[in-house]
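The values are calculated or read from the model by the stated rules, or taken from the named source; none is laboratory data. Keep in mind it's a predicted model, so treat the numbers as computed, not measured. Glycine gets a Cβ as well: all are built from the backbone with ideal geometry, and neighbour counts include every protein chain shown. In case anyone asks, the SASA skips ligands and DNA or RNA and just uses the protein heavy atoms, side chains included. Shrake-Rupley method; radii C 1.70, N 1.55, O 1.52, S 1.80 Å.
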Amino acid sequence: MTQPTTFTAMNATTARLAANLLREGRVVLVDPVEPFEGITGFIDLGLFPEDAVIVASSDVTRDPIRALNPEGGTPIVVDEEITDVNVTYELPCLTPDANVLALHAGAPSAELTEPDLAGVRMAAFNPGASVLTRVIVIAKRPGVDPNREIRVFWHQRAALQSNGTDRQGTRDVPQFLVTIRAFTYELGPEFAGFEANITPYGAVFTLPLSRLNALLLALDGEALPEPATP
């Protein structure tokens, strides 16, 4: 008599390992697409509070497409159409340097020319204003293996907006609201032929840590703004 085949999940040996229960760290890099005084490339937003949840929050609105039920009764839902997508990150920056604080102000500053005011910089106070940027989010798990797997989230356009401050202990730290914008562009040579693997909202890369620098160098040349017309 033939013994029945036992069903086994393909990840049965790894699905319940305690070693999987590791918290990922986050590094967030942003690069203003439009000229921003003092910032000429990607900057690191620094450290985040230990309880920060640095993940993309997605709010997707779908409208059902219904058909008349040929048997009568309730109409049939034959498909759904996505009518609105809102993807955001909330980023409380625990160790902001001068570059991060400048972005938090929402506008580039200019140094005053009056001799008595030498060293004074002035920026517009514009609540609600946002800075259009490119964003890279790096997710790492602890370990010593240089080839351990990490993830990199690439968003070719995002609006970086001051979201006030967040209280950490006795200190107020700047907080950003990042809203991902839809943007299409022609992929660079390193990614040619992989158009199906990126959406107008970006892409997720899975890679060994040892390849991170090469990927960042490649992404640094992606989705650049059009040169200014003289």
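Cβ-Cβ contacts under 9 Å between residues 6 or more apart (or on different chains), taken from a first residue in segment 160-182 that is free of Cβ contacts under 8 Å to residues at least 24 places away in the same chain and on the phi < 0 side of the Ramachandran plot to a second residue that is part of a strand (DSSP E or B) and surrounded by 15 or more Cβ atoms within 10 Å (Cβ to Cβ), are listed as Thr165/Pro92; Thr165/Val173; Thr165/Pro174; Thr165/Gln175; Arg167/Val173; Asp172/Asp166. Here Ile39 does not qualify as surrounded by 10 or more Cβ atoms within 10 Å (Cβ to Cβ) and more than 30 Å from Ala223 (Cα to Cα).
Selection within segment 151-187: residues that are closer than 24 Å to Arg211 by Cβ and not aliphatic (A, V, I, L, M). The member of this set that is most open to solvent (accessible area, probe 1.4 Å) is Glu186.
Note on segment 188-206: among residues that are touching a Lys or Arg at 6+ places or on another chain (Cβ under 9 Å) and closer than 17 Å to Leu216 by Cβ, the one that is least open to solvent (accessible area, probe 1.4 Å) is Gly202.
When segment 174-230 is filtered for residues that are assigned to a strand (DSSP E or B) and among the small types (Gly, Ala, Ser), the ones remaining, listed by number, are Gly202, Ala203.
Going through segment 213-230 one residue at a time, which ones are within 16 Å of the chain's Cα centre (by Cα) and either on the phi < 0 side of the Ramachandran plot or open to solvent by 70 Å² or more (accessible area, probe 1.4 Å) (or both)?
Once the filter is applied, which keeps residues that are within 16 Å of the chain's Cα centre (by Cα) and either on the phi < 0 side of the Ramachandran plot or open to solvent by 70 Å² or more (accessible area, probe 1.4 Å) (or both), segment 213-230 yields Leu215, Leu216, Leu219, Asp220, Glu222.
Any residue that is free of Cβ contacts under 8 Å to residues at least 60 places away in the same chain, aliphatic (A, V, I, L, M) and open to solvent by less than 40 Å² (accessible area, probe 1.4 Å) - is there at least one of those in segment 102-118? Yes.
Restricting Ala98, Ala110, Ala139 to residues that are small (Gly, Ala, Ser), within 30 Å of Ala214 (Cα to Cα) and in contact with a strand residue (DSSP E or B) (Cβ under 7 Å, 6 or more places away or on another chain) narrows the list to Ala139.
Listed conditions (1) in contact with a Pro (Cβ under 9 Å, 6 or more places away or on another chain); (2) assigned to a loop (DSSP other than H, G, I, E, B) are all met by Thr165, apart from (2). Ser58 falls short on exactly one of the conditions (1) small (Gly, Ala, Ser); (2) over 18 Å from the mean Cα position of the chain (by Cα); (3) open to solvent by 70 Å² or more (accessible area, probe 1.4 Å), and that condition is (2).
What number of residues within segment 141-150 are in a strand (DSSP E or B) and open to solvent by less than 70 Å² (accessible area, probe 1.4 Å)?
Residues that pass the stated criteria total 1.
Taking Arg157, is it under 17 Å from the mean Cα position of the chain (by Cα), assigned to a strand (DSSP E or B), charged (D, E, K, R) and under 29 Å from Pro49 (Cα atoms)? Yes: the conditions hold for Arg157. Restricting Asp63, Asp44, Asp51, Asp84 to those that are charged (D, E, K, R), exposed (fewer than 10 other Cβ atoms within 10 Å of the Cβ) and in contact with an Asp or Glu (Cβ under 9 Å, 6 or more places away or on another chain) reduces the list to Asp84.
Considering only residues in segment 18-32 that are among the hydrophobic types (A, V, I, L, M, F, W, C) and either in contact with a Lys or Arg (Cβ under 7 Å, 6 or more places away or on another chain) or surrounded by 14 or more Cβ atoms within 10 Å (Cβ to Cβ) (or both), the one that is modelled with the lowest pLDDT turns out to be Leu22.
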